[in-house]
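Below: one structure, written as structure tokens.
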Amino acid sequence: MQQTAARKTRDADDAPDSEALDDLAFDQIFLKARTHNAWQDRPVPDSLLRQLWETARMGPTSANCQPIRLVFVKSPEAKEALKPHLAKNNADKTMKAPVTAIVGYDVEFHEHLPRMFPHADARSGFAGEHKHEARVENAFRNGSLQGAYLIIAARALGLDCGPMSGFSNEGVDNTFFAGTTIRSNFLCNLGYGDPSVLHERLPRFDFDEVCRIA
């Protein structure tokens, strides 16, 4: 990564002044980070999961709605409850991961908006059965954003990630979110990956293939 791309300073009249992260941080979060499917036998303490949340929660959501809901699956009992809902090719790696985050979203997030967005009445824009579809759309979009923040925060804290689909949403919802207004979105294994089994990094699109400046 060229220094000019890795460093960016705001204009002098912007406040507060800030600089881009250094190359090591870029490497850890993006450029050298990989999706892991094999895991070292090294536990992830609960204190680190709390720190992970305290970091990831700071990412922006519309009207500060924060619809993400998380279950960190760690115990043998919780792993066994999750296992039947996994696709066959995801079961072994998930059972061996120190932690699996079930990333969900609350379709009734709007009930918390008076607390989370107190300077305006955002709740009324989502209240009522006729707004159900809008709530689901908003919760899924912002919950997905927060799931991405979770991955970035995990990498920043030294954890490796293995995000995935390949599971029964209905089964996971019935097992972990029964009686709630929470739906599962995706799973993310967390821990310390085994780099010895990684394949070569797969290609990415170049700027001109998928981007344009209008």
Prolate/oblate/rounded label for the chain (Cα gyration tensor, a/c 1.5): oblate
Inter-label distance, nm, simple model (7 Å from Cα along the C-beta direction), Ser124/Asn64: 2.0
Straight-distance crosslink candidates among aspartates and glutamates, where the alpha carbon sits under 15 Å from Lys88 and sequence neighbours closer than 8 are dropped: Glu80
Other-chain or far-sequence residues with amide H under 5 Å of Asp160's (modelled H): Gly191, Tyr192, Gly193
Separation between Cα centres of segment 39-112 and segment 153-214, rounded to whole Å: 11
Amide hydrogen neighbours beyond the local backbone of Val99, cut-off 5 Å, H modeled: Leu190
Listed residues Trp39, Leu70, Pro118: farthest to the positive end of the dipole of the chain (Cβ charges): Trp39
Under 13 Å from Lys32, Cα to Cα: aspartates and glutamates that are on another chain or at least 8 residues apart: Asp23, Asp160, Glu200
Dipole in debye (nearest 20) - the chain, about Cα centre, beta carbon charges: Lys, Arg +1; Asp, Glu -1: 480
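Laboratory data are not the source of any read-out in this text; all were calculated from the coordinates shown. The shown structure was predicted, so the numbers you read here are calculated from the model rather than taken from an experiment. Using ideal geometry, Cβ is built from the backbone for each residue, glycine included, and neighbour counts are taken over all protein chains shown.
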